[in-house]
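The values are calculated or read from the model by the stated rules, or taken from the named source; none is laboratory data. Please read these numbers as outputs of a predicted model, since none were measured by experiment. Reconstructed Cβ throughout: ideal geometry from the backbone, glycine too, with neighbour counts over all protein chains shown. Heavy atoms of the whole protein, side chains included, go into the accessibility calculation; ligands, DNA and RNA do not. Shrake-Rupley method; radii C 1.70, N 1.55, O 1.52, S 1.80 Å.
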Amino acid sequence: MSEENTVSSPLTTDPAAPDRNLAMELVRVTEAAAMAAARWVGRGDKNGADGAAVNAMRQLINTVSMKGVVVIGEGEKDNAPMLYNGEEVGNGGAECDVAVDPVDGTRLTALGMSNAIAVLSVAPRGSMFDPSAVFYMEKLVTGPEAADVVDIDRPIGDNIRAIARAKGSAPNDVTVCILDRPRHEGIVKEVREAGARIKFIMDGDVAGAIMASRPGTGVDLLLGIGGTPEGIIAACAIKALGGVIQGRLWPQDEEERQKAIDAGHDLGRVLTTDDLVTSDDVFFAATGITDGELVDGVRYDKGTAITHSLVMRSRSGTIRTVSSEHKLSKLRAYSAINFDAAV
């Protein structure tokens, strides 16, 4: 038997009970969110896509065997009525922190662009970092080969050269993923001066961080300022993938800076993967909404929706790719979720 079937989990209420991989329940939730959002692909309405995914995810997450509290949710900045920070989810069981992003890349979905995903992660209660409403952070993410040689405080060129050496390549072989934002002009300049290549993304830096950590995606490093909640979700995935995320909180204004200081945050501190999620037993699931380097998006064929997901558990290091076929006629008959809704 595998480790996953023989060792009790911190997420199991009875330590003598057989272990279960909770991520296999979670993937049903991300599949539902992805299918709901996929009907909005290319329709130009990111709020419609997000609303459909939130509704689907909330209904399915309450069937999962856990006593969860949403720690990273739609959040204060979204004024969300569902999956908000502090909402209790699940149908009972082990006490968990829950991080959700029903659509990582709402604009990507609305414009029919690549790498939009639905994401969900679960860890033991109290193990996920509380950003205290500091919505953005500086980030550096790379995979296991170079995890021990990078430092967010070092010049970008030094990190690129260190990654190249760790991978047995040259700096001009390194590809850096960066959100396409005016605030990143300086980073872009330094990356180009180092001779590395750049993959710009419009949105979706959870997917970008996972690409930087996972082999075969063509991305070696993620740099730049992105969402703090997305950084914590990415850290959950990196726990399973290996690699490292380093971050530093980045308040947008003096009010947010003071709020962080009042909450006890050291704004100069570099946060590591273990700071962002302390547990070594983290479950992560992501399902593609649109096609991307990580997973394919939702596809339709003769009354069937086909989904593609990535499912991970950090303690065992198991990473699964899951392809599922969903009969739409049966979903219409037996599901409370309207996967055909597009208006």
GNM top mover of Val206, Val134, Val103 - the chain, alpha-carbon springs below 10 Å: Val134
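Taking 25 Å as the cut-off for C-alpha to C-alpha distance, list the pairs among Lys139/Lys259; Lys239/Lys259; Lys139/Lys189; Lys189/Lys259; Lys139/Lys239 that go past it. Present the calculation step by step, with values, prior to reporting the outcome.
Numbers: Lys139/Lys259 21 Å; Lys239/Lys259 29 Å; Lys139/Lys189 17 Å; Lys189/Lys259 32 Å; Lys139/Lys239 16 Å.
Table pairs above 25 Å Cα-Cα are Lys239/Lys259; Lys189/Lys259.
What are the membrane-span-like helices in the chain by this rule: whole DSSP H runs, Cα extent along the axis at least 18 Å, mean Kyte-Doolittle hydropathy at least -0.5? Walk me through the numbers before you get to the answer.
Values: long enough: 23-38 (22 Å, 1.02); 46-61 (22 Å, -0.10); 228-241 (19 Å, 1.21).
Membrane-span-like by this criterion, though nothing is claimed about a membrane: 23-38, 46-61, 228-241.
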[x] 65; [y] 45; [z] 40, with the label sought being that of the calculated percent of Cα pairs over 28 Å apart: [z]
Partner aspartates and glutamates for Lys167 [C-alpha distance under 19 Å; skip if fewer than 8 residues away on the same chain]: Glu145, Asp148, Asp151, Asp158, Asp220
Estimated D of region 123-261 in µm² per second, where Rh is the Kirkwood radius over Cα pairs and Stokes-Einstein applies at 20 °C, 1.002 mPa s: 141 µm²/s
Distance between region 200-272 and region 77-135 - C-alpha centres, whole angstrom: 15 Å
Area accessible to solvent at Met128, 1.4 Å probe radius, in Å²: 20 Å²
Selection from Gly224, Asn172, Val89 lying farthest towards where the dipole of the chain points positive, charges on Cβ: Asn172
Within straight-line cross-link reach of Lys46, lysines at Cα separation under 18 Å, skipping those fewer than 8 residues along the same chain: Lys77
Computed lengthening from Arg320 to Glu88, 0.36 nm per intervening residue step minus Cα-Cα distance: 80.8 nm
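Given +1 on the Cβ of Lys and Arg, -1 on the Cβ of Asp and Glu, and no further charges, what dipole in debye does region 210-336 carry about its Cα centre, rounded to the nearest 20?
On the way: 14 positive and 17 negative charges, 165 e Å.
So the magnitude is around 800 debye.
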Added length on full extension, which subtracts the Cα-Cα distance from 0.36 nm per residue, Asp296 to Asp158: 46.3 nm
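With r as the distance between the Cβ atoms of Ala333 and Val149 and R0 = 41 Å, compute the FRET efficiency 1/(1 + (r/R0)^6) and round to 0.05. Kindly include the intermediate steps, with their values, before the conclusion.
Values: r = 55 Å, r/R0 = 1.33.
Plugging the Cβ-Cβ distance into 1/(1 + (r/R0)^6) gives 0.15.
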Descending principal axes extents, region 70-199, alpha-carbon based, whole Å: 51, 34, 25
Size of electric dipole in region 150-261: Cβ of Lys, Arg +1 and of Asp, Glu -1, about Cα centre, debye, nearest 20: 440 debye
Nearest-10 value in Å² for the accessible area of Lys239, using the 1.4 Å probe: 30 Å²
Under 15 Å from Lys302, Cα to Cα: aspartates and glutamates that are on another chain or at least 8 residues apart: Glu325, Asp340
Residues Arg192 and Asp274, FRET efficiency given R0 of 30 Å [Cβ-Cβ distance, rounded to 0.05]: 0.40
